[in-house]
Structures are given as structure tokens and as C-alpha cells.
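Encoded as C-alpha cells, the structure appears first; notes follow it.
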Amino acid sequence: MHNKGTDEPEKSAKQQELEHKVDSMMSVKPVAALPPKPKSVEPISKPKPETQDSREFKTAPKLPSAAKITTEAEAPNKAYKLKTPDKPPIVIALADTPTTEAITEPVTPTDTKPVTPAVPEATIPDDPLQDGATDKAVDEIVAREGDTLLALDDAKAASKQPVKTATGWKDKLAAVFKSKRTWAIIVALIIILAAVPTTRYKLAGLVIKKSVTIVVVDSKTNSPVSSADIKLGGKTVKTDAYGKARLKASVGRHNLVASKHYYKTLTTSYFVGFKAAPSLTNLRLEATGRLVPILVVNKVTGKPLSGAVISVLGTTAKTNTQGEAIVALPTTTATNSAEVSHIGYNKAKVTVQITDKFVKANSFELTPTGHIYFLSNASGKIDLVKSDLDGANRKTVLAGTGREDASTTKLMPSRDWRYVTLQSRRDTASPSLYLIDANTDKVTQFENSDSDIELIGWYGHAFMYDLSRRNTPFWQAGRETIKSYDADNLQLNQLDQNLAEGDAANNAHQEFYNFYIVNGALMYDTQWYSSGTIDMTSKNDTIRGVQPSGQSKKDYQSFTSSTNDYIQAKLYSPQAIYYSTHNNSDDKTTYYEYANQSVKTVSIDGGTFAADYPTFLISPSGSKTFWAELRDGKNSLFIGDDEAKGKKQIASLSDYTPYGWFGDNYVLVSKGKSELYIMPTGGLPAGRSPLKITDYY
């Protein structure tokens with residue numbers, strides 16, 4: 001039996017007594033006493049024990065096989081009754097006991113205490129007494145005990161796991177959507193709604209959108225109406241230069257509204273189906289004003305400009321590929337002020353004539369954005385000036401001091417015109433170098449010394465130059481120095497300096513010549529000169545190269561100075577140099593070629609070396625070259641690739657000389673060494689001349 005714990009209710013005395021009796025009956029120990037044997041009954045012989053119990057209880061110990069519990073009705077002649085106040089009488093019968101005479105006189109117990117019949121000493125009954133009440137009592141006790149144990153186990157398990165109770169609306173909603181029934185209802189509703197045409201598109205429109213193209217034209221001229229507002233499916237877009245508006249709209253039927261100033265607003269219905277939505281062409285708007293045709297061209301090239309925007313009286317229009325646009329304007333005035341704009345071009349303030357005819361007055365030109373820097377002495381001093389590419393918006397960036405002179409005042413812009421280097425003697429005895437930032441017009445002095453300066457040029461945003469100090473004697477090293485200035489970082493770098501030795505009477509020193517920027521490197525040659533009795537056999541003249549940062553300095557070819565007379569150089573193509581050397585010991589001239597970062601001998605003659613090669617100007621991207629060739633006393637202008645191959649003539653028999661690049665699409669040319677022009681790399685239409693920018697010093 002389960003021991004009573006602190007949580008078990010107190011058992012009554014009667015209940016304890018009953019449990020004690022049942023335990024006694026189920027015990028396998030010998031019974032202490034049985035009722036006295038009647039005189040007419042002979043002794044009961046001892047039965048043989050059986051090997052297996054014929055019945056099992058759920059929780060009670062097994063009884064001997066001879067024991068049997070039965071009810072009073074089943075064993076009326078062999079029964080001993082156990083009676084409790086609340087239960088029916090329990091009859092204990094001795095069944096299957098071999099006897100010589102049946103028990104005919106049962107013993108009736110008293111009301112308060114059952115009578116236990118006497119049994120011969122050391123005699124064990126084959127079966128305990130059986131009846132239904134006993135079984136029921138035992139089952140109840142076992143069930144009660146089992147329930148108690150299970151309750152205790154459940155309480156322990158519950159104490160280890162938190163109990164989650166769906167009290168919030170989120171928990172309740174989650175519980176609803178976990179239900180299969182809920183989802184079945186939802187699916188059923190979707191199927192029903194999808195089956196009904198009126199709700200099918202509204203439902204699908206929540207997730208399905210299709211591309212739609214609307215084309216708007218003028219009802220009278222049938223020409224595209226640009227910059228019209230198109231409203232469809234809650235979205236608003238503008239038509240392009242071709243009157244087209246593209247947007248995405250949910251499937252289903254929508255209101256379509258097209259509107260623009262000086263046009264009647266059009267409202268119609270438009271259906272977007274599941275299949276790709278067809279373009280709605282020729283949505284015709286009726287103008288309430290006069291349709292004014294306008295033409296916009298590039299001022300440098302003279303070619304039509306597509307995508308230019310004309311803004312006038314609160315309405316706009318965009319030009320097509322022919323540079324044309326139609327603007328509807330009221331007829332209350334003969335002219336109206338307007339603005340023409342385009343990305344990459346300067347805005348232009350113009351006046352539009354109100355007419356439906358193409359007139360020259362309504363043809364407008366836009367100038368590409370950008371500034372040109374140049375020198376001008378229009379003020380009587382040499383000033384640094386800038387202007388737009390058409391000469392407009394002229395401005396003095398750095399006014400002259402009056403000390404400038406023609407021989408030492410020079411200007412050299414970077415290939416992309418991001419920076420400009422100015423050499424000028426403004427307030428010193430010797431010329432200094434200044435950097436002008438084209439974005440801000442800020443002027444920075446970065447070289448100021450008593451030196452003679454030779455400008456070499458730009459590679460990217462690194463400017464390189466050579467200077468020779470006037471007050472440093474020849475026999476001292478460092479008299480000549482090659483430098484570069486990093487304009488982005490305002491950093492000065494020394495690339496090389498000459499070597500020297502000796503004194504005023506006997507000395508030797510190096511000098512640098514023939515500067516060319518090729519393949520991202522500065523190429524030059526070094527040559528030794530001596531005075532007196534200095535031994536030159538251990539010294540070499542070289543063909544040398546160095547990067548603008550000062551790294552990777554290398555001698556590509558060396559010649560013994562004592563036998564080498566000179567080194568000459570010619571840039572014969574944008575990325576290649578011819579070199580000529582003369583050996584005085586055998587009076588022999590040898591030719592070399594620098595290309596692809598190496599130097600090797602080349603079989604050419606003096607005529608090829610001495611030919612008049614053009615000056616090649618490299619575009620900002622490095623992919624194009626610009627040069628001139630003299631033909632019949634006039635310049636023919638050419639554009640080629642980075643090696644001057646695939647050349648295309650853009651002007652012939654002209655008076656123009658290559659000056660530089662502006663971007664990769666325009667070149668600058670000069671005329672008479674005092675006039676600056678701009679023209680397209682693709683050449684000019686017949687009858688059109690380069691656009692003049694300015695006169696310069």
C-alpha cells in the first residue's frame with residue numbers, strides 16, 4: 001500500500017480496518033486461526049500446493065493458487081463473512097479444498113466484528129475467500145493509491161515546465177491561424193472571390209502588377225506631347241520626348257487621366273489584364289493654346305540635341321532625336337521668356353516667339369559645361385582669365401601684377417582641365433610655379449626658387465618640370481633637378497638630380513635632356529660633360545625613365561661617356577621614341593627605339609630619324625590622339641587612337657593648329673597664335689566653322 005504523505009487526506013478508522021483485513025487475506029503467511037471444526041466434519045487433509053496462481057491482481061501480491069475469492073451467492077455452504085458498516089458483506093470461502101465432508105453449518109459473525117473460524121495448526125488454505133465486494137474494495141484501494149501517485153507525478157512535472165496561457169490578443173490570433181479550419185475557410189473564400197469577375201481583379205491587383213505604356217499625341221498635329229502628366233492606378237508619371245509614359249499598374253480597371261498646361265484634361269477608362277498590357281497609343285489631347293515648334297542644337301557641333309527641356313509659362317517640353325519639341329502656349333502675348341536646359345550643358349535664357357511656324361528665332365543653342373583658362377593682357381597686364389566654352393561668363397581668376405613678361409609667363413592645363421599650372425614672375429626676380437584648382441579657382445604657389453624652369457607636362461594630376469639653379473656651380477651635385485607636383489595631395493616629389501664632381505678647374509657633371517611622357521613614365525637621357533683632366537672612362541650616358549611618383553627609376557641603355565658624343569631623341573609616335581647616338585671612337589651612329597617599356601636597336605637611317613614628326617596631344621582618357629600634318633602649307637587635322645592609328649581627318653587645308661583637348665569629344669585649336677576655338681572630334685558639318693572661345697595672350 002502507498003504510504004500516506006502530507007498531502008493525503010486522513011483515513012477513517014473503518015477504512016483503515018478494512019484495508020488491514022484485505023491485506024491479511026492477501027498475505028501468503030499461514031492463517032493463525034480458523035473457526036472450530038464441526039463435530040460432523042472430518043479433518044481436512046492438507047492439499048498439495050499448486051505451481052501457478054490462477055488469478056492476478058493489479059497491485060496486490062500474488063495469492064496461492066488454491067486461494068479463491070468469491071461472493072456469498074457463489075459459496076453458500078463454505079463461507080465466512082467479513083462485514084463493514086459501509087460495504088456489502090464480504091464472504092470468504094474456502095474453495096477447491098479436498099475434504100471428506102462438506103461444511104454444513106456456516107458461522108455467522110457478530111455485527112461489530114467478523115468471526116474467524118479456527119483452522120488446524122500449520123494448515124494453509126488453498127485459496128483466500130473470494131467475492132465481488134472484496135474485488136471491488138481492492139480495486140478501489142488500488143485505484144485510489146494509483147490516482148494519488150499519478151497526481152503527485154503530474155504535480156512534479158508541472159512544477160518543472162512553465163504554463164503558457166493564451167491571454168493576449170496576439171496569442172489568441174495565433175491560435176486562430178494555427179487552426180486547419182481557419183485556413184480552410186480562408187482558401188474557400190479566396191476561391192469564391194476569384195471566381196467572381198468583379199472581385200477577381202481587385203483581389204489579384206493586390207499582388208499582380210503589369211507594365212503599361214501610354215502614348216500621348218496632339219489631336220491636331222499628331223505630334224508627341226512631352227511632359228504630360230499621366231495618372232493611372234494611383235501613380236503619376238510624365239511622358240518623355242516621344243510622348244510615352246511607362247509605369248506599372250495593378251490588374252483591373254482604372255481611371256486614366258492625362259493632363260498638361262494649355263491642353264484639355266482627358267479622363268478615360270483603362271483595363272489592365274493578366275496578360276502583358278498592350279500600349280495605349282494615340283491618346284489624343286486637345287490643345288487650348290498655340291502649338292509653337294522649337295529646335296535645340298549643340299552650340300559646338302551644330303547638331304540636334306535630344307532630351308533638352310524647354311520651360312515656359314509653367315509648362316515644359318522635351319526635344320526628340322531631331323532636337324524638336326512642340327510647346328502649347330497661350331496667344332495673349334507675342335513672345336514669352338523661357339529657359340532651355342540639358343544635363344551636361346549650360347542653361348540658356350531665351351525668348352520664344354508665339355507662332356506655329358518653324359522660325360529661326362525659336363532655334364536655340366546650348367553650350368557644353370566647362371571652363372577654359374587662358375592668359376589675357378586686355379587690361380594692360382598679363383591676367384589669368386577663364387570663361388565658358390563659348391567665351392561667355394568671362395572672369396579674371398588671377399590679376400597680373402605688372403611684373404610679368406612674355407618669355408617667362410606660361411600656362412599649362414592638365415589633360416582634363418581639372419588643374420592648371422601657371423609659370424609667372426609676379427612678385428619675385430625669378431618665375432614661380434602656381435597651381436590653380438579649376439573647381440574653386442584657388443591659387444597655390446608650389447615652386448619659388450632662383451632657377452631656370454622647363455615645363456615638361458602633366459600625367460594624370462601629376463605635373464612634372466625640370467629646374468636648374470642659377471647660383472649653384474656646375475661641379476656641385478643637385479644643380480639640376482627633375483620634380484613632380486601631386487596636385488590632388490599638394491605634394492612635391494623629387495624624381496632625379498644630377499651628379500657632379502671636381503672643382504672650378506677640373507670638374508664633371510651630368511645634364512638632363514629630351515623629356516617625353518610615354519606609357520605613364522617620364523623618359524629622358526643623361527649626359528656627362530667634363531672640364532679639365534677628369535677621367536670619364538668610368539662614367540656612362542644613359543636612356544632613363546622614372547614614374548611621376550619617383551618610383552621605378554631605370555636606365556634602359558648605357559653608353560661610355562668617354563666615347564659617346566651625344567644622345568638625340570625624337571617622339572615619332574604617341575607611345576614610341578627614336579634615339580640616336582654617335583661613337584667618336586669609330587665614328588658610328590646607332591639608332592634605338594623605346595617602346596613597350598624597353599629599348600632596342602632599330603634599323604633606320606638618318607632621314608627617318610630627322611623627319612618632321614607631329615606633336616601628338618593625348619586625350620584625357622588616353623585612348624585618342626590629336627595632331628596636325630602640314631599639307632600644301634595648310635594644316636590638316638587628324639584624330640586617331642592611342643597610337644595614332646586609324647586616323648580620321650576632321651579638317652583640311654585649315655589655318656588652325658592643335659592646342660589641346662576638352663574631354664574626349666572636343667578639341668581646342670588656335671589660329672594666329674592668339675585666337676582659341678573649340679570643335680568636335682567628329683568634325684563639323686559643311687559650312688560650319690569651329691566655335692570661337694576667345695582671344696588670348
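Too long at a 25 Å Cα-Cα cut-off: which of LYS483/LYS671; LYS347/LYS692; LYS360/LYS648; LYS553/LYS645; LYS360/LYS395; LYS624/LYS692?
Numbers: LYS483/LYS671 33 Å; LYS347/LYS692 19 Å; LYS360/LYS648 33 Å; LYS553/LYS645 30 Å; LYS360/LYS395 31 Å; LYS624/LYS692 23 Å.
Those over the limit are LYS483/LYS671; LYS360/LYS648; LYS553/LYS645; LYS360/LYS395.
Tell me, in nm to one decimal, what length is gained between ARG403 and PHE474 on full extension, where the rule is 0.36 nm per residue of separation less the Cα-Cα distance? Intermediate values should be presented prior to the final figure.
On the way: separation 71, 0.36 × 71 = 25.56 nm, distance 2.96 nm.
The span from ARG403 to PHE474 would gain 22.6 nm if fully extended.
Take the Cα atoms of region 568-612, build their convex hull, and give its volume per residue in Å³. Before the final figure, lay out each step's value.
Values: hull volume 3.3 nm³, N = 45.
Hull volume over Cα atoms, normalised by residue count, gives 73 Å³.
Round to the nearest 10 and report in Å² the accessible area of LEU266, as given by a 1.4 Å probe over the protein chains' heavy atoms.
50 Å²
Which Cα, out of VAL272, THR335, TYR262, lies furthest along the positive dipole direction of region 257-339 (beta carbon charges, K/R +1, D/E -1)?
VAL272
Want the number for LYS347 to SER558: 0.36 nm per residue separation, take away the alpha-carbon distance, what's left?
70.2 nm
So how far, in whole Å, is the C-alpha centre of region 207-236 from the one of region 399-424?
First find each Cα centre; the distance between them is then 55 Å.
Sorted from largest down, give the three principal axis spans of the alpha carbons of region 336-488, whole angstrom values.
Computed over the Cα atoms, the extents are 82, 34, 21 Å.
Give me the net charge of ARG544's neighbourhood, meaning all other residues with Cβ under 12 Å from the Cβ of ARG544; Lys, Arg count +1, Asp, Glu -1.
Working: positive: LYS553, LYS554; negative: ASP496, ASP525, ASP541, ASP555.
Around ARG544, the charge tally is -2.
As a test of the definition: which semi-axes, in Å, follow for region 247-370 when you take the square root of five times each eigenvalue of its alpha carbon gyration tensor? Largest first, please.
Those come to 32, 19, 11 Å.
The values are calculated or read from the model by the stated rules, or taken from the named source; none is laboratory data. Worth saying up front: this structure is predicted, and the values here are computed from it rather than measured. Virtual Cβ from ideal backbone geometry, glycine too; neighbours counted across all protein chains shown. For accessibility, only protein heavy atoms count, side chains too; no ligands or nucleic acids. Shrake-Rupley method; radii C 1.70, N 1.55, O 1.52, S 1.80 Å.
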